[in-house]
Amino acid sequence: FDGKSGECVEIPQIIKSASVAMGGSGGGSGSGSGSGKNAKNHQIEQTSATIPSRACGTAVPAQISQGMVWLFPGGGLEKALAAPPPPTLPEVEAGMKTSTVFRDMPVDWPIVLSNISDPDHGLFAHQNKNFDMYAASIDTPFEKFVVEETHGGKGWSLKAKIDAKDKIIEIDQSLRGELKLKLDDPKVQKKNDKKKKQRTSKGKKSKSNDSPLWATMHYHGPTSYKMKRVDKETGETKFVSFFYVCPVGVGRCRLLAGGASNMQTPRWLSYLMFNNFIDQDTYLLATQQHNILSKEADELRALMKEKGMDHRDDDLTMEQLKSLRMRTRRKSFVLPSPTDRIGAKLEQFWDETLARSPNRIKYLLRLDESGVFLQKPSREMVLDRKSQNLDLCKDSQDVVRNCRRVQKSAKVLAAVLVLAKVTFTSSARSSPALAFLPSAALSMLRPMVKTSSLVSMCSFLLAASYLAGKLEKEFYFKYTDDMRKRDMKNIPKNIWVDR
């Protein structure tokens, strides 16, 4: 293959052309008695079958950055070299270890990124109070909020910074009267005084560790987002959450997520937490997207008709696509929260740039015409962990395989122990079933089949089998509507009081 063009230039089994030298000898007569020999070379060219076009590939510039392979489908090598570099994590360069997971999602990639970038949703959709550290309020607005074009207009970035403290939770506690109760509680006051003394005795090091933190967020357009809490004095962090959303089609994407820290989490444990976390709001996004994409398709048709463009035309120029600036998302969403400054800028970014995404217009309008946006997807399809991760990930497959082995082995061992107990009880040493065993083996078996030992060992084996079965189920559809309702009940209990 030609690495630059992707053209197939040679197939060893097909001879493109060959010169075959054929030597010959012959006799001749001349005047007189002499004789002579002459050789004649015959050049024969063999022409092969034409190399089929299907044997050729499309050459795409690629780059490896921090263990990830980045492709540039927007042109040749020259354009790729002039494009902005992939986003990186300085913390990884500094030596932090990463724990990564992925999952295919039947949700459009801009919707997934808008959701990830919204700290407010984490409190309610995930009942996770840590998101409040990144949220803004009227009393605590963003300390820093910067939106800028980067790399000479080829990139786009949004950065925000805010005090890493409770905002919504603090208001909720105030409404419940819990904040006042805690301050007046002598036990709590005594505990706080003790902590102050410990901080004072530990000196400067303790002061540095206990200093307030900044919560920072960075969206690196178009497909990555990271968030972390950093020490205000040193700028150091202990953990970074990062997300890369890879578009794989209209209404589909692959979400790669991970954390960078000084220790690496076992992959199976990462998937256990990640899948449960993602399931909590993915179905909402999947049902929301049908309305958004349908409106986007309608507006694109109107804009293209107004500008005399045909969506079936594959030769639309970038300048023509840049002129298709929509208002779909800005007209669809109401964003009144102080934190929604992030969402407002992101939705504006999508409206102004999505039409430029390769092949988006063609496939979006085709899906809309097929009526797919009128159909409500099932929860089982949207949250099917098997097709979205298990069928694609070797690590997940290994976990499921090991879980099945543990279940099978535990049941077999438990059955063997019970059988041994019955055999010993009924016939002891004279049993034909035990006659072939040496005395040493019998001595080892007898303590194991005592009633107390047998109960303990069988209980352990059954517990191991049960836990392995529970872990195996984590890689299949799990998050039912009943589980969603259970999660919703946690909101008034822990996040926001009903009044």
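The values are calculated or read from the model by the stated rules, or taken from the named source; none is laboratory data. Everything quoted here is computed from the prediction, not taken from an experiment. So basically every Cβ, Gly included, is an ideal-geometry build from the backbone, and we count neighbours across all protein chains shown.
If I ask for residues that are closer than 23 Å to SER157 by Cα and free of Cβ contacts under 8 Å to residues at least 12 places away in the same chain, which ones from region 225-283 would you list?
GLY235, GLU236
Would you tally the residues in region 97-136 being touching a Leu at 6+ places or on another chain (Cβ under 7 Å), among the hydroxyl-bearing types (Ser, Thr, Tyr) and crowded, with 20+ Cβ neighbours inside 10 Å?
2
Return yes or no: is THR58 under 26 Å from ASP351 (Cα atoms), of a type in the set (Val, Ile, Thr) and over 17 Å from the mean Cα position of the chain (by Cα)? Spell out how you get there, then give the answer.
Values: under 26 Å from ASP351 (Cα atoms): no; of a type in the set (Val, Ile, Thr): yes; over 17 Å from the mean Cα position of the chain (by Cα): yes.
Criteria not met by THR58.
As an exercise: evaluate ASP368 against (1) among the charged types (D, E, K, R); (2) outside any helix (DSSP H, G or I); (3) under 17 Å from LEU293 (Cβ atoms) and give the number of the one condition it does not meet.
(2)
For region 306-325, which positions are of a type outside the set (Ser, Thr, Tyr) and over 16 Å from LYS362 (Cβ atoms)?
GLU306, LYS307, GLY308, GLU319, LYS322, ARG325
When you scan region 305-320, do you find a residue that is in contact with a helix residue (DSSP H, G or I) (Cβ under 9 Å, 6 or more places away or on another chain), assigned to a helix (DSSP H, G or I) and buried (at least 17 other Cβ atoms within 10 Å of the Cβ), even just one?
Checked region 305-320: no residue is in contact with a helix residue (DSSP H, G or I) (Cβ under 9 Å, 6 or more places away or on another chain), assigned to a helix (DSSP H, G or I) and buried (at least 17 other Cβ atoms within 10 Å of the Cβ).
Among the residues in region 269-279, are any of a type in the set (Asp, Glu), in a helix (DSSP H, G or I) and in contact with a helix residue (DSSP H, G or I) (Cβ under 7 Å, 6 or more places away or on another chain)?
So in region 269-279, the residues of a type in the set (Asp, Glu) come out as 279.
Then drop every residue that is not in a helix (DSSP H, G or I), which leaves 279.
This time we only want the ones that are in contact with a helix residue (DSSP H, G or I) (Cβ under 7 Å, 6 or more places away or on another chain), so: none.
Looking for residues that are of a type in the set (Asp, Glu), in a helix (DSSP H, G or I) and in contact with a helix residue (DSSP H, G or I) (Cβ under 7 Å, 6 or more places away or on another chain), one finds none in region 269-279, hence no.
Can you find a residue in region 337-348 that is over 21 Å from GLY221 (Cα atoms) and touching an Asp or Glu at 6+ places or on another chain (Cβ under 8 Å)? Don't jump to the end; show me each part of the working.
Let us first name the residues in region 337-348 that are over 21 Å from GLY221 (Cα atoms), namely 337-338.
With touching an Asp or Glu at 6+ places or on another chain (Cβ under 8 Å) added as a condition, the list becomes 337.
Yes, there is a match, as at least one residue in region 337-348 is over 21 Å from GLY221 (Cα atoms) and touching an Asp or Glu at 6+ places or on another chain (Cβ under 8 Å).
When the residues of region 234-266 are narrowed to those that are more than 20 Å from LEU392 (Cβ to Cβ) and within 12 Å of the chain's Cα centre (by Cα), which ends up surrounded by the fewest Cβ atoms within 10 Å (Cβ to Cβ)?
Checking each candidate, the answer is SER241.
Could we say that GLN127 is touching a Ser or Thr at 6+ places or on another chain (Cβ under 8 Å) and among the polar types (S, T, N, Q) here? Explain how you work it out, then say what you get.
Values: touching a Ser or Thr at 6+ places or on another chain (Cβ under 8 Å): no; among the polar types (S, T, N, Q): yes.
It is false that GLN127 is touching a Ser or Thr at 6+ places or on another chain (Cβ under 8 Å) and among the polar types (S, T, N, Q).
Restricting to region 133-168, and then to whatever is of a type outside the set (A, V, I, L, M, F, W, C), within 15 Å of VAL230 (Cα to Cα) and part of a loop (DSSP other than H, G, I, E, B), can you tell me which residue is nearest to the chain's Cα centre (by Cα)? Quick ask: steps written out before the conclusion?
Initial filter on region 133-168 (of a type outside the set (A, V, I, L, M, F, W, C)): 134, 137, 139-141, 143-144, 148-155, 157, 159, 161, 163, 165-167.
Right, trim to within 15 Å of VAL230 (Cα to Cα) and you get 134, 143-144, 159, 161, 163, 165.
From what's left, part of a loop (DSSP other than H, G, I, E, B): 134, 143, 165.
Details: TYR134: 21, GLU143: 30, LYS165: 28 Å.
That would be TYR134.
Check every one of the helices (runs of 4 or more DSSP H) wholly within region 389-474 and list those with 2 or more residues that are at pLDDT 85 or above. Walk me through how you get there before you give the answer.
On the way: elements: 394-427, 432-435, 439-448, 451-473.
Fully inside region 389-474 and qualifying: 394-427, 451-473.
What number of residues within region 334-365 are under 30 Å from PHE142 (Cα atoms) and either aromatic (Phe, Trp, Tyr) or not in a helix (DSSP H, G or I) (or both)?
Restricting attention to region 334-365, the residues satisfying the condition of being under 30 Å from PHE142 (Cα atoms) are 334-354.
Now narrow it down to the ones that are either aromatic (Phe, Trp, Tyr) or not in a helix (DSSP H, G or I) (or both): 334-339, 349-350.
Residues flagged as under 30 Å from PHE142 (Cα atoms) and either aromatic (Phe, Trp, Tyr) or not in a helix (DSSP H, G or I) (or both) within region 334-365 amount to 8.
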